[in-house]
Amino acid sequence: MEIPTRATIIKQVKKSGLKIAAVLPFHYPRALLRVYGFHPMEIWGPPHVDHLDGLQHFPEYTCKIVQNATRFLLDLPTATIDCILIPHTCDSLQGMASVLKDFIKPDQPILTIYHPRGRRESDLLFMEKELKCLAKNLEAVSGKMPTNEEFSAAIELEDEATGLLAEISQHRATYDVSDREFYTLLRSREYLPTEQFIQVANNVPKGIPELKGPGLMISGIVPEPLELFDRINDLGAHVVIDDLACCSRRIYKTFKEADPFKRMAKQLISMPPDTTVSTPYRERFDYLTQQMQKSHARGVLVYNVKFCEPELFYIPMFEQTMKDAGWPFLFIETELSPEIPQQVLNRINSFVEVLS
Amino acid sequence: MIKNEDGLLSPPLLATARMGELLAQQYLEGNTVNGVKKVAWFSSGAPIEILQALDFFLYTPDNHAALCGARKMGAEFSEIAEDHGYSRDICSYARTDFGSYFAGRTPVGKIPRPDLIVVSNNICQTILHWYQAMGAYLNAPVFVVDTPFLYEDAKEHQIEFVKMQLEELIPIAEKISGKKLSYQRLKEVIRLGKECGDLWMEILHRASTKPAPISGFDAFVLMGPIVALRGEPSTVSFFNDVLKEVDQRIANGIGAVKNEKHRILWDNLPIWYRLSWMSKKLASLGIVVAISNYTYMWGEPAQYYDLDRPIEGIAKVYLHTILNRSTGYKLDLMKRMVAKFSLDGVLLHSDRSCKPYSLGQFDQATALLDELKIPSLILEADHNDSRIFSEEQVSSRLQAFAEMMG
Amino acid sequence: MLYQGIDIGSSSCCVVIINGKKEIVSSSVVPTGARNFEALKRATREVFENAGISEKDIGHTVSTGYGRERVENRDKDISEIACHAKGISNYFPDTNLLIDIGGQDSKAIRIQPGGKVVDFSMNDKCAAGTGRFLEAMARVLEVDIDQFETLDAGAEGSQSISNMCTVFAESEIVSLVAQGIEIKEITNAINRSIATRTFSMTKRMTIGVHNLSVAMSGGVARNGGVVRMLERLLKKKIAIPPEPDRIGAFGAALFAME
């Protein structure tokens, strides 16, 4: 399974004449970017960013996604990206977008998108208008004015990719790849052009993977470094179901609507139960319980980015619900360091022993 | 250097005691209200006008949490919340409130159970998670008034969104209250709400006099009613009394701090468990907090109330809370306050558990120094968790700050 | 007439006596531990003995540091920020940025010509980035803390310490030693860890400053390894005064003179 790296894709995309939009986590309208000629490159960190000019814009209790992403964006050569899109996911990303817009003022325009927290009539109508607002901003940067056909084509393509993502996530046990390869594939959605992702996803080797020991659900924000999965496998467990923000929480429903904005709006507010939109707790836990039952997972590993408040609020009841149902629960915090600290490995080790 | 810290402050306003009574009465009624009236919990920034017009008894966990903080129960309750799995890295108001709930203890006697919870994220996103949790614990319906963040000036579709949600709230609240909303009553509530907000702004603006007749610390204490009893006739009457007393002080040349040398702005939430200590410490350095944007927040958007278009007016008011506005807007506001209140410095409380307020402070401090040539102090602490507070470190920094102002 | 400056901190107590010409007549540093007033008595006694003077020769006394308000014979107490700025400006009048890395905290102070403080930032929440971090690492490596300056000679800089926390960094060092990583690379990583943490805290103090002129104070200024790395990061030479750990008390004494 050959998946090109981010660096390779950046070069490739620039050569093809497309613009690049750096996108922060994590709900955003891919098709809309696409139709205005932007290729999204998501930034989830990255880990181990050198603070080359030392400048601190955010206090120490700000999560590393915001700290590292800001640093990373400012250190990139200006010509690399054409705009920065920051969805309003949480207080920290809100702060990042505002500080970039009002103080740092990089050369690239900072675009924002606010996805509402509910699924009411008012939420849908707002999402539609918010998407139109973003479209205007994208038009101003790209100069493009897409036709309805181009919209449909872009949405259909993303729907196809989303469908594949759903299929692969739900049937993990039928793909003969290690967990690390599996997640390398899932996470390639963060930067691969959609056609390439579809191609790769359609060619994942089928078969029963050689994975021993108990199956886990992995939840949280982003599994960085990917070596985490090698370590989980080494320690005698494997992943059977996913509830990560960067992966399954973006398996949107698909809809058929004549109006492309209505269609995209319906889709964007149809995400699975998610902490960042403050899904009512019972709804989220009922959903996760179903997932656990369907996948026959034996325990839950939450891998959260330190200081991520949306996740932290749900943890106590999440843990209680899982434990009451007989599933052991492990909570780990990461600061996006490039290596997994020994303490974390020790804890996973003990956890797997409990499950076995 | 003044060794003895007594006699640095004027005695507290007489109105402070009366305010304590007002709030105490509300809490007392809350002890026995279940079964008598329908109860609505609301987040401090949530629109309550519809609920008031439907005669809900109103209670806000935010105020309760601040009260616990002021009574120095924040750390103890936080520990209980932490024992139940809540992280130290979440908002200390939430931890305080969770802890009080788990312990079954509260300084207000008994907290009324909600028939409806109305929460708005116009002060932060964290509040949604907190209130959804309480909704789950108490099996109460939660209505979210989602206020999109204003990176720029408010757009039509954002105002429309909030308005639509308010319209969605009406039938839900009517069903629970068993009453029909009277627009007459709603307008009366709005009129009083605007009057409260305007009075509050007048009171705060009196501090632009030299010496400042009231300080930010007085305002932190007096703000209770504008948060918890907004739009009540008793609040209007109370604020009128406060204004009279403040004007009396101005006429007699009385300042909140007896030896006023420096006037500053306090940015971010107060440090509830050390109000008295901070007030005296600053006073001993000749510093008066002439204004704070935290107290300002409860009056500033009142300008948007509109009796001709009541729902739209409410939508605008709650969309425009200072915490729902960009870091650039906050800086502009601070600059205007520097001019209006003749300030010599800005104290930015880097509140560990309030990210929406704290992110952006570094750049704001730099801008204040570069553009207005006035010094700022970044003070690391927390609004409710006293374990994050170090007296010696804070004392050192405050002294350095006073020396910077000359 | 002589003037006394007392810097009573949480890890050490320093007393400096100067004459009317701003020359240091005598100084002493005593580690404090829990009984910092015992340390103060000892430091005072030493300082008087070395100079052959007594209490009555002292014109004025200014105290600074965490324990400053508890020094009974003081005429005034002034923040350590202002005292450090004052002290360094006496040695290097052009200094507009002072970096102080002490036993338990680190500070970056922006100074105007004349020694007035314009802005400052501090790290006093965490041992990492302070002298305490170096002490912990020295213990783990079983070397003297002074050796950090020379032990990294010839290092390529291939190693990094990824842990932010001192306690975790200790275990990280233990595992590096076990892996057989050369001591010069480990020392280099330790020095770099302090330098980069300090650099982050410092940078905000340099915005809008033309002709940056940097000086350093505090015990860690004696660690040439850290100083060299900071010079590289700041792209500026850093001026180090004699007796860098006495600058606070010296500044206090200068204030006492005024």
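One table, with the values for the structure above:
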item: Of the criteria (1) in contact with a Gly (Cβ under 8 Å, 6 or more places away or on another chain); (2) not in a loop (DSSP other than H, G, I, E, B), which one A:V200 fails; result: (1)
item: Candidate set from the stretch A:147-196 (those that are in a helix (DSSP H, G or I), in contact (Cβ under 8 Å) with a residue 60 or more places away in the chain and among the acidic types (D, E)); member that is surrounded by the fewest Cβ atoms within 10 Å (Cβ to Cβ); result: A:E150
item: Hits in the stretch C:63-78 - residues which are in contact (Cβ under 8 Å) with a residue 12 or more places away in the chain and in a loop (DSSP other than H, G, I, E, B); result: C:G65, C:Y66, C:G67, C:V71, C:N73, C:R74, C:D75, C:I78
item: Residues being small (G, A, S), assigned to a loop (DSSP other than H, G, I, E, B), closer than 18 Å to C:G65 by Cβ and more than 10 Å from chain B (Cβ to nearest Cβ) - total across the stretch C:79-114; result: 2
item: Flag for B:S284 being in contact with a Pro (Cβ under 8 Å, 6 or more places away or on another chain) and outside the structural domain of B:S87 (by TED's automatic domain parsing); result: no
item: From the options A:E339, A:E311, A:E319, residue that is among the acidic types (D, E), touching a residue at least 60 places away in the same chain (Cβ under 8 Å) and assigned to a helix (DSSP H, G or I); result: A:E311
item: Residues of the stretch A:97-146 classified as surrounded by 20 or more Cβ atoms within 10 Å (Cβ to Cβ), at the interface with chain B (Cβ under 7 Å from one of its Cβ atoms) and hydrophobic (A, V, I, L, M, F, W, C), total; result: 3
item: Qualifying residues in the stretch B:133-152 (those that are more than 8 Å from chain A (Cβ to nearest Cβ), of a type in the set (A, V, I, L, M, F, W, C) and under 20 Å from A:L125 (Cβ atoms)) - the one surrounded by the fewest Cβ atoms within 10 Å (Cβ to Cβ); result: B:L150
item: The stretch A:43-57, subset closer than 14 Å to A:L100 by Cβ and at pLDDT below 95, residue surrounded by the most Cβ atoms within 10 Å (Cβ to Cβ); result: A:H57
item: The stretch C:169-197 - residue that is surrounded by 16 or more Cβ atoms within 10 Å (Cβ to Cβ) and within 9 Å of chain A (Cβ to nearest Cβ) and, of those, nearest to A:H57 (Cα to Cα); result: C:T196
item: Candidates B:E49, B:E21 - the one that is closer than 20 Å to B:F239 by Cβ, out of contact with any strand residue (DSSP E or B) (no Cβ under 8 Å at 6 or more places or on another chain) and surrounded by 21 or more Cβ atoms within 10 Å (Cβ to Cβ); result: B:E49
item: Which numbered condition B:D89 misses (of (1) at the interface with chain A (Cβ under 10 Å from one of its Cβ atoms); (2) in contact with a Pro (Cβ under 8 Å, 6 or more places away or on another chain)); result: (2)
item: From B:A402, B:A315, B:A365, residue being surrounded by 22 or more Cβ atoms within 10 Å (Cβ to Cβ), among the aliphatic types (A, V, I, L, M), in contact with a helix residue (DSSP H, G or I) (Cβ under 9 Å, 6 or more places away or on another chain) and more than 10 Å from every other protein chain (Cβ to nearest Cβ); result: B:A315
item: Matching residues in the stretch C:27-39 - criterion: being at pLDDT 85 or above and of a type in the set (A, V, I, L, M, F, W, C); result: C:V29, C:V30
item: Meets criteria (under 17 Å from C:N223 (Cβ atoms) and crowded, with 21+ Cβ neighbours inside 10 Å) for C:T166; result: no
item: Residue check, B:G99 farther than 24 Å from B:D146 by Cβ, assigned to a loop (DSSP other than H, G, I, E, B) and within 14 Å of another protein chain (Cβ to nearest Cβ); result: no
item: Tally, over the stretch A:284-314, of residues that are over 19 Å from the mean Cα position of the chain (by Cα) and within 11 Å of chain B (Cβ to nearest Cβ); result: 2
item: Elements of type helices (runs of 4 or more DSSP H) contained in the stretch A:24-101, each with 3 or more residues being acidic (D, E); result: none
item: Selected residue [facing another protein chain (nearest Cβ under 10 Å), in contact with a Gly (Cβ under 9 Å, 6 or more places away or on another chain) and in contact (Cβ under 8 Å) with a residue 24 or more places away in the chain] from B:G328, B:G360; result: B:G360
item: Flag for C:D152 being over 21 Å from C:P244 (Cα atoms) and in contact with a Gly (Cβ under 8 Å, 6 or more places away or on another chain); result: yes
item: Verdict on C:K22 being part of a loop (DSSP other than H, G, I, E, B), touching a residue at least 40 places away in the same chain (Cβ under 8 Å) and not aromatic (F, W, Y); result: yes
item: Selected residue [at pLDDT 90 or above, more than 10 Å from chain B (Cβ to nearest Cβ) and either farther than 21 Å from B:M404 by Cβ or surrounded by 22 or more Cβ atoms within 10 Å (Cβ to Cβ) (or both)] from C:G154, C:G59, C:G129; result: C:G59
item: Residues (at the interface with chain C (Cβ under 9 Å from one of its Cβ atoms), of a type outside the set (D, E) and either farther than 16 Å from C:M122 by Cα or part of a helix (DSSP H, G or I) (or both)) located in the stretch B:389-399; result: B:Q393, B:S395, B:S396, B:R397, B:L398, B:Q399
item: Of all residues making up the stretch B:133-159, the number that are more than 19 Å from B:Y318 (Cβ to Cβ) and not in a loop (DSSP other than H, G, I, E, B); result: 6
item: Single unsatisfied condition, B:H320 versus (1) within 17 Å of the chain's Cα centre (by Cα); (2) within 13 Å of chain A (Cβ to nearest Cβ); result: (2)
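Every residue, every condition in (1) surrounded by fewer than 21 Cβ atoms within 10 Å (Cβ to Cβ); (2) farther than 30 Å from A:L330 by Cβ; (3) without any contact (Cβ under 8 Å) to a residue 24 or more places away in the chain; (4) not assigned by TED's automatic domain parsing to the domain that holds B:T106, yes or no:
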site: B:G7; (1), (2), (3), (4): yes, yes, no, yes
site: B:E29; (1), (2), (3), (4): yes, yes, no, no
site: B:G35; (1), (2), (3), (4): yes, yes, yes, no
site: B:A53; (1), (2), (3), (4): no, yes, no, no
site: B:F57; (1), (2), (3), (4): yes, yes, no, no
site: B:D62; (1), (2), (3), (4): no, yes, no, no
site: B:F77; (1), (2), (3), (4): no, no, no, no
site: B:Y86; (1), (2), (3), (4): no, no, yes, no
site: B:I90; (1), (2), (3), (4): no, no, no, no
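The values are calculated or read from the model by the stated rules, or taken from the named source; none is laboratory data. These figures come from a predicted structure and were not determined experimentally. Reconstructed Cβ throughout: ideal geometry from the backbone, glycine too, with neighbour counts over all protein chains shown.
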